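Trainee: Sending over a structure as structure tokens; questions will come in a sec.
The values are calculated or read from the model by the stated rules, or taken from the named source; none is laboratory data. Note that the coordinates shown come from a computational prediction; the quantities given were computed from them, not determined experimentally. Using ideal geometry, Cβ is built from the backbone for each residue, glycine included, and neighbour counts are taken over all protein chains shown.
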Amino acid sequence: MTTTTRTGPVADQADIAREFSDVKEEIRNANFLGATVLGASITSAGIAVPLLADRVHAVVIDQPVVVVGLAGVGVLAIVAALWQLLDVVLPRLNDKGSEGRANFITYAHTDPACIARLIAASTRADEIPTLSRIAKAKYRSLGRAGRLLKAAIVLLAAATALAITF
């Protein structure tokens, strides 16, 4: 039975459960994507930094300021992108989710007799907006990280091209 009010149609429990599952899946996807890009970035840095560390000083001394500047800004963009990716994958360990929603941290230090009451007081329909905001924030951080990594690639490629021509 679906009725329409000023705020839109009233969803039945199956619709709410489906939306809840969809939003939880988006959070899992964002975490997976963030962890994948973060892992690849850190692995790349772990390979590149030791190989280049002893060469950087000698190479930087002989390069024009523009090359060093572009490379430096590129490295800063990579660091900023990694920071954004960490925002995606690091857990939120507050006692209550946004808007006072109980979560596993709350349950970890709650009397077992109270857990059923906490769960009963919360509905999935109430949690969907909160979880959607979490998913949206994660995807925004992923987007910023992606744009920063693209900028870093362009800056480092320009620095490389200029270094080769000078």
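Trainee: So, in region 80-104, of the ones that are at pLDDT 70 or above and aliphatic (A, V, I, L, M), which residue ends up farthest from the chain's Cα centre (by Cα)? Walk me through it before giving the result.
Mentor: Initially, region 80-104 is screened for residues at pLDDT 70 or above, giving 80-92.
Then drop every residue that is not aliphatic (A, V, I, L, M), which leaves 80-82, 85-86, 88-90.
On the way: Ala80: 12, Ala81: 10, Leu82: 9, Leu85: 5, Leu86: 6, Val88: 2, Val89: 6, Leu90: 8 Å.
Per the criteria, the residue is Ala80.
Trainee: How about region 124-152: which of its residues are β-branched (Val, Ile, Thr) and in contact (Cβ under 8 Å) with a residue 60 or more places away in the chain?
Mentor: Here is the first cut: in region 124-152, the residues β-branched (Val, Ile, Thr) are 128, 130, 134.
Ile128, Ile134 - these are the residues of region 124-152 that are β-branched (Val, Ile, Thr) and in contact (Cβ under 8 Å) with a residue 60 or more places away in the chain.
Trainee: For region 33-63, which residues satisfy the criterion of being surrounded by 12 or more Cβ atoms within 10 Å (Cβ to Cβ), more than 29 Å from Val88 (Cα to Cα) and at pLDDT 75 or above?
Mentor: Result: Gln63, single match.
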